[in-house]
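Enquirer: My questions will all concern the structure given below.
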Amino acid sequence: MLTRALFHIRPLIIGLLMLSLSPVTSLAQTGPRATEFTLPNGLHIVVVPDNRAPVVTHMVWYRVGAADEPPGTSGIAHFLEHLMFKATEKIGTGEFSKIVSRLGGQDNAFTAQDITAYFQRVSKDRLPKVMEMEADRMVNLKLDEKEVLTERDVILEERRSRVENNPSAILDEQLGAALYLAHPYRIPVIGWEHEMAKLSRADAMAFYKRFYAPNNAILVVTGDVTPEEVRKLAEATYGKIPRNPNVKTVERPAEPPHRAARRIELKDPRAGRRTWHRQYIAPSYTTAAPGEAEALDLLLKILASGPTSRVYRKLVVEEKVASSAGGWYSGSGRDSGKIAFFSVPNDGVEFSKIEQLIDGVIAEVAAKGVTQEELERAKKAYLAEYIYQTDNQASLARRYGWALTVGSTVKDIEEWPERLSQVTADQVKAAVRHLDILRSVTGTLLPEAPDQPPGSRS
Amino acid sequence: MSSSAPLRGRLFVRPAKLPVVASAMLLCLAAPVLTAKAHAMKIQQIKSPGGIDAWLVQEHAVPLIALRFVFEGGSSQNPAGKEGVANFLSAMMDEGAGDLDSHKFQERMEELAFRMSFEDARDGLYGSFETLTTNRDPSIEMLRLAVNQPRFDADAMERVRRQLLSGLAFAAKNPNRVAGAAWSAQAFPGHPYGLPSDGTPQSIAKITRDDLESFRKRNFARDNLKVVAVGDITPEQLGALLDRVFGDLPAKADLAPVAQTSPAAKERVQVIPMDVPQSVVQFGSPGIARDDDDFMAAFVLNQILGGGGFASRLTEEVREKRGLAYSVYSYLQPYRRAAIFAGGVATKNEEVGRSLDVIRGELRRMAEEGPTPEEMQNAKDYLTGSFALRFDTNAKIANQLLGFLFEGYGIDYIDKRNALVNAVTLADVKRVAQRLLKADELIVTVVGKPQGMTK
C-alpha cells in the first residue's frame, strides 16, 4: 500500500492482513454496528457511529487499484491518486489539502493492488465541506501538463525512498514478480521505474475517466455522526453525480497451473543481514471456501506470528539458528491471498537449515494438527484485537472500507468473529494444504557484491 | 516484539529513527479546541492511597483501559561504554518475570490479550499497557511482575542480544538511520545525546544482567514516574492499580546528572558516502526550549515553514513546485537538556545541492520576511482546529496527556492551549524567525553520493 505522504504511515505488523477484516463476538451487542444504504447513482454508503469525540473520518474507496492498470503503465493508479490533489474547476491548484488544513483537518490517500482510498479527518461540523470537495474531485479533476510532470518527479523520488534505497524492498518486488506467473499482482503498486518515467497526463485522465464514478465507489463515514445526517449530506453532494454506465470491473488475467516452485537470489552489498523469505499464493477472504480464510488466519497465527508461535520457538528459541523468524497470512486481496515466512539466520547458519526447519514445522502441523490450547489462544488474540480496534474510528473505517471494496458484505464483516470462533482444529490442519510449494517462491538476500557471470561486462 | 528484525512490512517505509522522540513530537503537534465539548473528556487528578499521582480520563463506552507511563531518565542514563542498556532493558520487559519464564510469560500475555511494550527515549523510558476490562486484574498482575521482578534469564538475554545486534546491522546500512545517528553525533559531541541510544555492536556485546538490573533499580522509582490512565476504570480502581504496580518501587530514582547543552551555532557539513541512488539529508541547529517564552511562537513558525501537512513552505517549494523530493520537513525537538530545530529531505543524488539551496533559501526568506498574515491565520486555524483529532481514541488521549504531564503542564493546560496559540502575533513569529532560523549555521549530515553541494 502506498500513501501520498510518509508521515501518516505506521508499519502495521499484520497490517493489511486480516485485522482489517476483524469484528467480534463478545462485543457484538455493545460494539459499533454499520448502517448501509445505496444512492440511486450506485454509491454504496456505510456509516459507523462513534460519538466519544466530536470528530469524523470520511473515506471514499474506489474499486480500482494497481492490478487494474493497462499494460505498460504500471504505477498509474498511484500516480493518479497523487494527482487527485491538484485541481478541479472549483478548487485551485494544490489547494485541496490546504483547505482541509485550514479547516483543522488532516487528509491523505493510499493505493494498493485492489483499492484506492481518499480520506479526511475533521471535526464533525466540517464534514459537509470535505464531502463537497471529495464529491467534486470524483468527476471534475483538472490536470495541467506541467504539474503532472513535476508530480511524476515526486513519485520517482518516492520510489527511490521506498525501493531503490532499500535492498529488502527490491527483493520484495522480485518475490512478487516471481510468485505470480500471469496475474497483475506481480507488478509493484508503485510501478516499474522505466514505466513510471513515461506516465503522462493522458494516461492519468484515461484511468480516471474509466474508473472514478459513484457506482464504482464506497463511502465510509465513522465517528460522531448519524446515518441520517450522512444520507442527507451525501444526497446533496455525491448524489448529484450521474452514474457512469461505462465503468466496470476489469477482468484480470488468471494464474495458469503452477508447475515449478520458483527460487530467486538477490545479492546486494547494501543489505544489512542475510535474510530468507518464502511466499505462497493462497485463497483470500473473497475467494476462499466458507471458513477457509478464517482457518488460514488461525493457522498462520499459530505457526508464525509472534514469540509464542511454532516457527519462532523452533528457530529462535530452541535451535537458536536465527535472530528472528515468523510469517503472516494476508487474506485481503480480491483475487488471491498470500502466505509468507521470513527469517534472519544467525551468522554461519545456512539458508538450507532455515528452510528445513520451517518445512519441518509445517510438516508437523500437516501430520498432527494444532493443539486445542494453541487454537484457543489464537482465537482470543484475534477477538481481542477486534475490541482494541473499536477504540479507533480510523481503523474501523479502514476495516469496513477495505473489505467491502474487495467484495465482502457488511454481514461478512460483522459475523467474522463468530465464524472465527467456530473454526475447528481439523479445519486449521486442513488449511495446511494451501502451503503448496508449487505455488510459492523462495528468495534470499545476501549482503554481497553481485556475481559477474561469464559474458557480463566487468 | 520490540526487538525483532525490520522485515515484516511490505511496501511500507519504516519511519526512520531520527533524533526524534515520539512523545515529544506528539506534544509539539498538540493544540486544544476541546473546550467546545469538554464533557467528552474530563481529566481527573488522582492520588493513590499509597501516594502515587496520575491523571485519569474515564471512558466507559469501550471495555478497554489504556495506561501510559514514563520514568524520567531514558537512554541519556546509559552508563559510559554501555550504550543501549535502556534499549536492551525495554526489549527484556516481556521476556519473563516472577515465576514465569519467557515462554510462560508470553503465553500468558496472549491468553489475557493485554498489550505491553516499553521504549526508551533520550529523556525517559516509556511504558504502554492496554487491557480489556474483563481481564484487568490478571493483566495488571503481569504488569506488576514485569516492572518489579523481571527475570533477565541468561537464555532470553542472549536471544534478545542477537536480535539487537541484528537490528544494528540493518540500521548500519539504512541511510535514514545512519543520517540520524551521525547528525546527533555531530550536534552533541561528548554528550549523552550524541551517543547511539540503541547501542553499538561493541556495547551491546558487553551488557550484562547486572547492567540491566542496576539500570532498572536506578531508573524505576516513584519520584520520576508519571502515569496516565484512560478508559473503563474508576478512580478507586486506578488508585489500587497504581499501588499494586508501582507501590513497591523505591521512593527516589538515582539518576546521573545530564549537562545542559546545545548544538554549536556554526555551519558544519558532513557527507557519509553510501551507494544509494537517493541521498538522505538531516539538518539542524540550536532550537528553543519548551519553557522559553518564545516556544509557542516558534511552534507556529515551524508549522508554516515545514510542519506536518501539505501546506508548509518547504513542501511547497521543494516538492510541489520542483518535484525534488517525496518528503521534506522541519520540526522542533525540545529535549530536557537541549533544544533543536531540525529537518530533513531525501532526494536523488544529482539534486542534493539544489534541494539544500532551496531549503536554505526558504530559511533565509522566512528569517528576513517572516510569514504573511494569511499564513499565520492558516497555521493557527490548523493547529487549533485539528486539536480534537488528537483525542479521539483512548490510546491517543493517553499519549497526549502523558506528554503534558512529562512537561510539567497543569491539568488545565488542555483548556488554555488554544488561547496560547492564538495569542502568538505576527511580530512574535518574525522575531523568532530571526532568532531561530540561521541558514548559514546549519549542521548538515548527508548520506549517499550527493552532487552539486555548494558548501
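Enquirer: Could you run through region A:127-161 and say how many residues are facing chain B (nearest Cβ under 8 Å), buried (at least 21 other Cβ atoms within 10 Å of the Cβ) and not hydrophobic (A, V, I, L, M, F, W, C)?
Expert: Matching residues across region A:127-161 total 6.
Enquirer: Just to be sure, is A:ASP335 part of a loop (DSSP other than H, G, I, E, B) and under 28 Å from the mean Cα position of the chain (by Cα)? So that I can check it myself, show each step before the final result.
Expert: Working: part of a loop (DSSP other than H, G, I, E, B): yes; under 28 Å from the mean Cα position of the chain (by Cα): yes.
Criteria met by A:ASP335.
Enquirer: May I ask you to verify whether B:GLY309 is part of a loop (DSSP other than H, G, I, E, B), touching a helix residue (DSSP H, G or I) at 6+ places or on another chain (Cβ under 8 Å), within 25 Å of B:LYS416 (Cβ to Cβ) and at the interface with another protein chain (Cβ under 10 Å from one of its Cβ atoms)?
Expert: So B:GLY309 fits the description; yes.
Enquirer: Next up: Taking the condition of being closer than 26 Å to B:THR234 by Cα, surrounded by 23 or more Cβ atoms within 10 Å (Cβ to Cβ) and either without any contact (Cβ under 8 Å) to a residue 12 or more places away in the chain or not small (Gly, Ala, Ser) (or both), how many residues in region B:63-109 meet it?
Expert: Number satisfying all stated conditions: 7.
Enquirer: Sticking with this structure for a sec: Please state which one of A:GLY333, A:GLY326 is under 23 Å from B:ALA169 (Cβ atoms) and modelled with pLDDT of 95 or more.
Expert: A:GLY326
Enquirer: Looking at (1) modelled with pLDDT of 95 or more; (2) out of contact with any strand residue (DSSP E or B) (no Cβ under 6 Å at 6 or more places or on another chain); (3) assigned to a loop (DSSP other than H, G, I, E, B), can you tell me which one A:ARG419 breaks?
Expert: (3)
Enquirer: Which one of the conditions (1) under 30 Å from B:PHE71 (Cβ atoms); (2) more than 19 Å from the chain's Cα centre (by Cα) does B:LEU305 fail to meet, given that it meets all the rest?
Expert: Result: B:LEU305 passes all but (1).
Enquirer: Same structure, new question: Does region A:97-109 include one or more residues that are in a strand (DSSP E or B) and more than 13 Å from chain B (Cβ to nearest Cβ)?
Expert: No, region A:97-109 has no match at all.
Enquirer: Within region B:290-304, can you find the residues that are farther than 17 Å from B:THR384 by Cα and touching a Leu at 6+ places or on another chain (Cβ under 9 Å)?
Expert: Taking region B:290-304 and keeping what is farther than 17 Å from B:THR384 by Cα, we get B:290-294.
Result: B:ARG290, B:ASP294.
Enquirer: What is the one condition in (1) out of contact with any helix residue (DSSP H, G or I) (no Cβ under 6 Å at 6 or more places or on another chain); (2) farther than 30 Å from A:ALA322 by Cα; (3) of a type in the set (Gly, Ala, Ser); (4) surrounded by 17 or more Cβ atoms within 10 Å (Cβ to Cβ) that A:ALA178 does not satisfy?
Expert: Exception for A:ALA178: condition (2).
Enquirer: Pick from B:GLY127, B:GLY81, B:GLY73: which is within 28 Å of A:ARG377 (Cβ to Cβ) and either of a type in the set (Phe, Trp, Tyr) or in the same structural domain as B:ASP198 (by TED's automatic domain parsing) (or both)?
Expert: B:GLY127
Enquirer: Among A:ALA87, A:ALA34, A:ALA66, A:ALA112, which is the only one that is within 14 Å of chain B (Cβ to nearest Cβ), within 27 Å of A:THR249 (Cα to Cα), surrounded by fewer than 23 Cβ atoms within 10 Å (Cβ to Cβ) and not polar (S, T, N, Q)?
Expert: Just a single option satisfies the conditions, and that option is A:ALA87.
Enquirer: Scan region B:52-98 residue by residue and report those that are under 19 Å from B:TYR193 (Cβ atoms), of a type in the set (Gly, Ala, Ser) and in contact with a Pro (Cβ under 8 Å, 6 or more places away or on another chain).
Expert: Matches in region B:52-98: B:SER75, B:SER76, B:GLY84.
Enquirer: Which one is surrounded by the most Cβ atoms within 10 Å (Cβ to Cβ) among residues in region A:198-209 that are of a type in the set (A, V, I, L, M, F, W, C) and under 13 Å from A:GLU151 (Cβ atoms)?
Expert: A:LEU199
Enquirer: Taking the condition of being in a helix (DSSP H, G or I), more than 13 Å from chain B (Cβ to nearest Cβ) and without any contact (Cβ under 8 Å) to a residue 12 or more places away in the chain, how many residues in region A:369-412 meet it?
Expert: The number of residues fulfilling the criteria is 1.
Enquirer: Determine, yes or no, whether A:GLY291 is in contact (Cβ under 8 Å) with a residue 60 or more places away in the chain and within 14 Å of chain B (Cβ to nearest Cβ).
Expert: Working: in contact (Cβ under 8 Å) with a residue 60 or more places away in the chain: yes; within 14 Å of chain B (Cβ to nearest Cβ): no.
Taking the combined requirement at face value, the residue does not satisfy it.
Enquirer: Let me ask something additional. Can you name the residue in region A:229-276 that is crowded, with 19+ Cβ neighbours inside 10 Å and within 14 Å of another protein chain (Cβ to nearest Cβ) and, of all such residues, is farthest from A:LEU438 (Cα to Cα)?
Expert: A:GLY272
Enquirer: Do we have A:VAL344 as at pLDDT 95 or above and either among the hydroxyl-bearing types (Ser, Thr, Tyr) or surrounded by fewer than 24 Cβ atoms within 10 Å (Cβ to Cβ) (or both) here?
Expert: no
Enquirer: For region B:383-395, give me each residue that is in contact with an Asp or Glu (Cβ under 9 Å, 6 or more places away or on another chain) and either more than 10 Å from chain A (Cβ to nearest Cβ) or of a type outside the set (Asp, Glu) (or both).
Expert: B:THR393, B:ASN394, B:ALA395
The values are calculated or read from the model by the stated rules, or taken from the named source; none is laboratory data. Note that this is a predicted model, so its numbers are computed, not measured. Please note: Cβ atoms are built from the backbone with ideal geometry, for glycine as well, and neighbour counts cover all protein chains shown.
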